[in-house]
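A.B. asks: This is the structure I want to talk about, given as structure tokens.
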Amino acid sequence: MLINRFPKLCSALISIIVLSTIVSSCKTSKFDVSLNNDNAKVVSAFPNTENEIVKLKTEIKFSDAYITGIVAFKEHGDTTVGAFINEFGIKGFEFEYCKNECKILNVIKPLDKWYIKSTLENDLAFIFARIPVMQDNVADTASCKISKNIKYQCIFYQNKLSKVERFQKDKITGRIDIQSDSLVTMSNLVRNVTYNFIIINYHELQD
């Protein structure tokens, strides 16, 4: 793969694209934790790394196709911005997440279809969600009502987030599995889409 052959070039390209995007743009709680609850602890699938670029080796599998590359993102306040770059160094799309909504921007033509963009927006909003949960429930499970029809349920193991399930009208539609500190998988159970992420620069982020 081109990424494996030219890691330094790809790393520099990713940093430039993400920075340019930023400049341009054992109890279960009730489903009553609001997104702005000051007493809640915010959890997410990926490490909270304010103002640092996180690089994810990415594979997105559709029912009859798949794409691979790198997703790079950066958090600043309530906003997460990033980009997907395929294995040939071509930017597939940019995205911006803020307050549980995600917008796909600057999409290449093969992906520029309303149903693909809609699926990506919904799934990335789930993947990068910052979910408030009541701290008393962190040892087991906790739930949060995201909107009128969408609820997230967080499952913890040894006080660490291990799984998040997405419910729409009480039907499970998606699942995030945090398999290790650097490996995250998300499954869209309705569209039959799977996202596999490996944090490439995990150890750098811990320094």
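The values are calculated or read from the model by the stated rules, or taken from the named source; none is laboratory data. Owing to the predicted nature of the structure, the values given are computational and were not obtained by experimental measurement. In this analysis, Cβ positions are derived from the backbone assuming ideal geometry, glycine residues included, and neighbour counts consider all displayed protein chains.
A.B. asks: Pick from region 161-207 the residues that are more than 14 Å from Phe126 (Cβ to Cβ) and of a type in the set (Gly, Ala, Ser): which of them is surrounded by the fewest Cβ atoms within 10 Å (Cβ to Cβ)?
C.D. replies: Going through the qualifying residues, I end up with Ser180.
Yes or no, residue by residue, for (1) at pLDDT below 55; (2) surrounded by fewer than 17 Cβ atoms within 10 Å (Cβ to Cβ):
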{"position": "Leu2", "(1), (2)": "yes, yes"}
{"position": "Ile14", "(1), (2)": "yes, no"}
{"position": "Ile22", "(1), (2)": "yes, no"}
{"position": "Val54", "(1), (2)": "no, no"}
{"position": "Thr58", "(1), (2)": "no, no"}
{"position": "Phe62", "(1), (2)": "no, yes"}
{"position": "Ile70", "(1), (2)": "no, no"}
{"position": "Phe73", "(1), (2)": "no, no"}
{"position": "Ala83", "(1), (2)": "no, no"}
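A.B. asks: Looking for something loosely packed, with under 12 Cβ neighbours inside 10 Å, over 13 Å from the mean Cα position of the chain (by Cα) and assigned to a helix (DSSP H, G or I) - is there at least one such residue anywhere in region 92-109?
C.D. replies: yes
A.B. asks: So, of the residues in region 162-189 that are under 19 Å from Lys145 (Cα atoms) and among the acidic types (Asp, Glu), which turns out to be nearest to the chain's Cα centre (by Cα)?
C.D. replies: The residue in question is Glu165.
A.B. asks: Moving on to the next point. Looking at region 190-207, which of the residues that are under 15 Å from Ile116 (Cα atoms) and of a type outside the set (Phe, Trp, Tyr) is nearest to the chain's Cα centre (by Cα)?
C.D. replies: The qualifying residue nearest to the chain's Cα centre (by Cα) is Thr194.
A.B. asks: Would you mind telling me which numbered condition in (1) at pLDDT below 95; (2) outside any strand (DSSP E or B) Val190 fails?
C.D. replies: Result: Val190 passes all but (1).
A.B. asks: Shifting gears a bit: Out of contact with any strand residue (DSSP E or B) (no Cβ under 6 Å at 6 or more places or on another chain), surrounded by 14 or more Cβ atoms within 10 Å (Cβ to Cβ) and either closer than 17 Å to Lys41 by Cβ or not hydroxyl-bearing (Ser, Thr, Tyr) (or both): which single residue out of Ile116, Ile155 fits that description?
C.D. replies: Ile116
Here's the yes/no breakdown for (1) assigned to a strand (DSSP E or B); (2) modelled with pLDDT of 95 or more; (3) not polar (S, T, N, Q):
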{"site": "Asp123", "(1), (2), (3)": "no, yes, yes"}
{"site": "Ala142", "(1), (2), (3)": "yes, no, yes"}
{"site": "Gly174", "(1), (2), (3)": "yes, yes, yes"}
{"site": "Asp177", "(1), (2), (3)": "yes, yes, yes"}
{"site": "Asp181", "(1), (2), (3)": "no, no, yes"}
{"site": "Met186", "(1), (2), (3)": "yes, yes, yes"}
